[in-house]
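Input: a single structure, listed below in C-alpha cells.
Every number in this text was worked out from the coordinates using simple rules, so none of it is lab data. It should be emphasised that the depicted structure is a prediction, and the values quoted were computed from it without experimental measurement. Using ideal geometry, Cβ is built from the backbone for each residue, glycine included, and neighbour counts are taken over all protein chains shown.
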Amino acid sequence: MIRPVTGRGSVRWARLVVYLLLLLLAQGLLARLSDAVGVPTPDLFLLTAVGLAARLSPVSALLAAYGLGFMQDVLGGGMLGLHAAGLAGAALLVVWARRYLSDAGLVQALLGVLLGVAGQWLVFLFLTYWLREPLVTPQMLAVTPPLVFVGTFLLFPLWERLLAWTFGPRVTVEEQLA
C-alpha cells in the first residue's frame, strides 16, 4: 500500500506552498550563481520529479512531473511544454527502473538522478528532432548533461530531505507490492 503524504489538511498544503516557494527561490539563485561561474544550473525541478517518482504511483508521478515542468515552462518563458515533456520523460524512466532496484543507499540515489537526467535529455533530443529546431546541438550534448548531472547529484542529499519533509518518505517497491 502506498503511504499517504504526512500531515493533514492545511498543514500539508502549507508545506506544499513553502516547498514550491523554496523551489522557485533556490532555482533562481542557483541560475544566477551558475551563470556567473559559467556552468549549467543544477536542476531542482528534475530532483523534484525524481523524488515524486519515488513516492507516488506511476500515473500520479508522471502527471505531477508534467505539471511541475509545465509550471517551469510558464514561469521561465521558454518553449511551452518542453520542460514538461522532459520532466515527464525523466519520471517515466525513474518509475520504470524503480521496479528493479531497492530504495536504499547511494547507488539508488545516483542511479535515480542519472536516469532522470538521461530521460529528460532523451526527450529533449526527440523533441528537437521532431520540431526541427536547433535547441540541442552536439556541442551542448557533450558539455551540458554531464555538468547538470554532477551539479544536480551534489544537491540531491539536501533536496531529498526537503522532499521528505514536504511529501513524506520514499515508498519502497516491497511496500508498494504488499
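Mean separation of Cα pairs under 8 Å and 6 or more residues apart, divided by the residue count, gives the range 9-177 a relative contact order of 28 percent. Comparing Arg132, Arg161, Arg12 in a Gaussian network model of the chain, where Cα atoms under 10 Å apart are tied by springs, the biggest mean-square fluctuation is seen for Arg132.
For the range 64-154, chymotrypsin sites (Phe, Trp or Tyr not before Pro) meeting the loop criterion (DSSP other than H, G, I, E, B) and having at most 13 other Cβ atoms within 10 Å: Tyr100.
Using only Cα atoms and rounding to the nearest 10 degrees, what angle (0 to 90) does helix 105-131 make with the longest principal axis of the chain? Computed tilt is about 50 degrees.
Placing R0 at 30 angstrom, the Cβ-Cβ distance between Arg99 and Leu125 gives a FRET efficiency of 0.75 after rounding to 0.05. Counting only alpha carbon atoms, the long axis of helix 138-167 and the longest principal axis of the chain meet at about 20°.
Could you calculate the FRET efficiency of Leu111 with Trp13 from 1/(1 + (r/R0)^6), where r is the beta carbon distance between them and R0 is 41 Å, rounded to 0.05? Let's see the in-between values first.
Details: r = 32 Å, r/R0 = 0.78.
E(calc), rounded to 0.05, equals 0.80.
More than 26 Å apart: what percent of Cα pairs in the chain qualify? Here the long-distance tail beyond 26 Å is 26 percent of all Cα pairs in the chain.
Please work out the FRET efficiency for the pair Met79 and Ala26, using the Cβ-Cβ distance as r and a Förster radius of 30 Å; give the result to the nearest 0.05.
Values: r = 23 Å, r/R0 = 0.77.
According to the calculation, E is roughly 0.85.
Compared with the dominant Cα axis of the chain, that is its longest principal axis, helix 58-76 is turned about 40°.
Among Asp35, Asp73, the order by Cβ neighbours within 10 angstrom, fewest to most, reads Asp35, Asp73.
In the elastic network of the chain, a GNM with C-alpha springs shorter than 10 Å, the most mobile of Val74, Val136, Val37 is Val37.
Highest mobility in the GNM of the chain, judged by mean-square fluctuation with C-alpha springs under 10 Å and restricted to Thr48, Thr137, Thr152, is found for Thr137.
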